[in-house]
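Visitor: Just passing along the structure, written as structure tokens.
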Amino acid sequence: MATLKDISAELGLSVATVSRALNGFPEVSARTRARVQDVADRIGYKPNRIAQRLVTGRSGMVGFIAKLNADMTADQTFLEILTGLTAALAERDVDLVLSVDQHDDPVTVYERMLERGILDGFILNAPVPNDPRVAFLQSRGIPFVMHGQSEQVVDYPFYGIDNRAVSRDAVSLLATLGHRRIALLNGDIRFSFAIDREQGFREAIAEEGLNTPEAFIGHETPSESYGYTEALAMLSGRRGTKPTAIICGSTLIAAGVMRAAKDLGLSVPSDLSLIAHDDALPQFRAVNFDPPLTVTRSPLRDACSPLANHLIDHISGGDAETLQSQIRAELIVRESTGPVPKGGTDPWP
């Protein structure tokens with residue numbers, strides 16, 4: 001088994017310098033750190049975790065908390081995030097520690113994990129406005145990174161998409177196609193991403209000189225049954241004049257909308273245009289819909305490496321405000337959107 005002494009002998013450096021280089025100490029030059037790491041990789045050196053923790057004060061482990069729903073299940077994105085983060089962290093030689101949150105108080109599980117003294121930081125997801133986890137971890141001086149943002153301007157590391165732009169891009173495409181009656185089936189309004197998407201929708205609708213009645217803006221945990229029930233009520237005319245286009249917060253919701261349209265004898269896109277946000281979940285691939293879905297696409301797996309890197313860099317002393325990334329989802333136009341149908345050009349009353 002390769003040792004620090006082996007690296008030391010090959011490079012002519014002291015064992016102490018080799019150790020400091022491998023542990024990222026700033027007093028060792030970047031050039032020396034690179035030379036040491038190259039030799040360590042070549043000869044297969046693996047650090048002793050216990051000794052490394054004694055030197056650096058770090059465990060090489062970070063936490064991720066999975067919030068269970070009332071029916072004791074995790075949401076559809078859980079497995080995609082978990083596998084992606086585990087792989088991304090492993091690339092930086094860091095392990096992921098998973099725990100499940102079943103408490104009403106969102107910080108209880110973080111308190112319990114911190115009491116064990118084995119974690120260097122946390123990856124947080126599903127932010128809410130004034131997220132209590134942020135204040136708690138900051139008060140303890142615990143590094144963390146957020147998938148998304150609790151507010152528009154924050155002082156902690158994050159990686160996410162511009163959720164207002166998600167809705168704005170969808171509305172703009174539909175308006176260009178002549179649609180004036182556009183509905184929104186949003187996600188759970190408790191969460192910051194859904195708040196931002198509704199805000200972006202309302203802003204874009206106003207800029208196009210349109211309006212959308214409150215009855216045609218829905219909020220709920222994404223599910224196929226939610227999409228089906230809401231679309232059935234809208235498209236059957238039970239809520240008044242029917243929409244000619246619906247924007248869905250996920251491909252899961254869109255699956256329900258398509259089923260409702262089919263049951264009512266409506267064709268997509270001849271009678272109804274449909275856009276969804278696509279997290280690229282394997283079980284709900286937008287290209288496999290009939291017709292293939294127009295989407296604002298941002299694969300969850302693409303967020304895992306930036307989240308892992310931001311957190312590890314923050315743990316290593318990186319400034320929080322330099323570790324903030326927001327990207328714009330890609331608009332992919334497919335066959336589920338088309339020109340407004342005849343007789344559908346009038347706005348809502």
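The values are calculated or read from the model by the stated rules, or taken from the named source; none is laboratory data. Computed from a predicted model, the values in this text were never measured in an experiment. Using ideal geometry, Cβ is built from the backbone for each residue, glycine included, and neighbour counts are taken over all protein chains shown.
Visitor: Are any residues in the range 1-40 surrounded by 12 or more Cβ atoms within 10 Å (Cβ to Cβ), free of Cβ contacts under 8 Å to residues at least 24 places away in the same chain and of a type in the set (S, T, N, Q), and if so, which ones?
Guide: Residues satisfying the conditions are S8, T17, T32, Q37.
Visitor: Then there's this: Can you tell me which residues in the range 198-211 are touching a strand residue (DSSP E or B) at 6+ places or on another chain (Cβ under 6 Å) and either exposed (fewer than 15 other Cβ atoms within 10 Å of the Cβ) or of a type outside the set (A, V, I, L, M, F, W, C) (or both)? Step through it out loud before you land on a result.
Guide: So in the range 198-211, the residues touching a strand residue (DSSP E or B) at 6+ places or on another chain (Cβ under 6 Å) come out as 198, 201.
Result: E198, single match.
Visitor: Could you name every one of the strands (runs of 3 or more DSSP E) located completely within the range 110-165 that has at least 3 residues being assigned by TED's automatic domain parsing to the domain that holds E321, of a type outside the set (G, A, S) and in contact with a Leu (Cβ under 7 Å, 6 or more places away or on another chain)?
Guide: On the way: elements: 121-124, 144-147, 158-161.
By residue number, 144-147.
Visitor: A further question follows. If only one of R190, R168, R180 is among the basic types (K, R) and farther than 22 Å from S336 by Cα, which one is it?
Guide: Numbers: R168 fails: farther than 22 Å from S336 by Cα; R180 fails: farther than 22 Å from S336 by Cα.
When all the criteria are applied, what remains is R190.
Visitor: Can you pull out every residue in the range 322-347 that is β-branched (V, I, T), within 20 Å of M258 (Cα to Cα) and part of a loop (DSSP other than H, G, I, E, B)? Break it down stepwise before answering.
Guide: In the first step, residues of the range 322-347 are kept if they are β-branched (V, I, T); the result is 322, 327, 332-333, 337, 340, 345.
Then drop every residue that is not within 20 Å of M258 (Cα to Cα), which leaves 332-333, 337, 340.
The answer is V333, T337, V340.
Visitor: Still on this model: Find the residue count for the range 236-279, including only residues that are touching a residue at least 24 places away in the same chain (Cβ under 8 Å) and outside any strand (DSSP E or B). Give the steps one after another, and end with the answer.
Guide: Of the range 236-279, the ones touching a residue at least 24 places away in the same chain (Cβ under 8 Å) are 236, 239-261, 263-264, 266, 268-279.
Then drop every residue that is not outside any strand (DSSP E or B), which leaves 236, 239-244, 249-261, 263-264, 266, 268-272, 279.
Total meeting the criteria: 29.
Visitor: Condition (residue is in contact (Cβ under 8 Å) with a residue 40 or more places away in the chain, part of a strand (DSSP E or B) and farther than 20 Å from T77 by Cα) applied to the range 300-321: is it met by at least one residue?
Guide: No; the residues of the range 300-321 include none that is in contact (Cβ under 8 Å) with a residue 40 or more places away in the chain, part of a strand (DSSP E or B) and farther than 20 Å from T77 by Cα.
Visitor: If only one of R112, R133, R180 is buried (at least 19 other Cβ atoms within 10 Å of the Cβ) and over 22 Å from T322 (Cα atoms), which one is it? Please lay out each step first, then the result.
Guide: Numbers: R112 fails: buried (at least 19 other Cβ atoms within 10 Å of the Cβ); R133 fails: over 22 Å from T322 (Cα atoms).
None of the other options fit; the residue is R180.
Visitor: Considering only residues that are surrounded by fewer than 19 Cβ atoms within 10 Å (Cβ to Cβ) and more than 21 Å from L177 (Cα to Cα), look in the range 229-254 and name the one that is nearest to the chain's Cα centre (by Cα).
Guide: Step one: of the range 229-254, the residues surrounded by fewer than 19 Cβ atoms within 10 Å (Cβ to Cβ) are 229, 232-233, 236-241.
From the residues that got through so far, the ones that are more than 21 Å from L177 (Cα to Cα) too are 229, 232-233, 236-240.
Values: T229: 26, L232: 29, A233: 30, S236: 34, G237: 35, R238: 35, R239: 33, G240: 35 Å.
Going through the qualifying residues, I end up with T229.
Visitor: Still on this structure: Would you call S305 buried (at least 17 other Cβ atoms within 10 Å of the Cβ), farther than 23 Å from L173 by Cα and out of contact with any strand residue (DSSP E or B) (no Cβ under 8 Å at 6 or more places or on another chain)? Even if it seems obvious, please write down each step before you answer.
Guide: Numbers: buried (at least 17 other Cβ atoms within 10 Å of the Cβ): yes; farther than 23 Å from L173 by Cα: yes; out of contact with any strand residue (DSSP E or B) (no Cβ under 8 Å at 6 or more places or on another chain): yes.
Yes.
Visitor: Within the group P291, P222, which residue is crowded, with 20+ Cβ neighbours inside 10 Å, part of a loop (DSSP other than H, G, I, E, B) and assigned by TED's automatic domain parsing to the domain that holds V171? Spell out how you get there, then give the answer.
Guide: On the way: P291 fails: crowded, with 20+ Cβ neighbours inside 10 Å.
The conditions single out P222.
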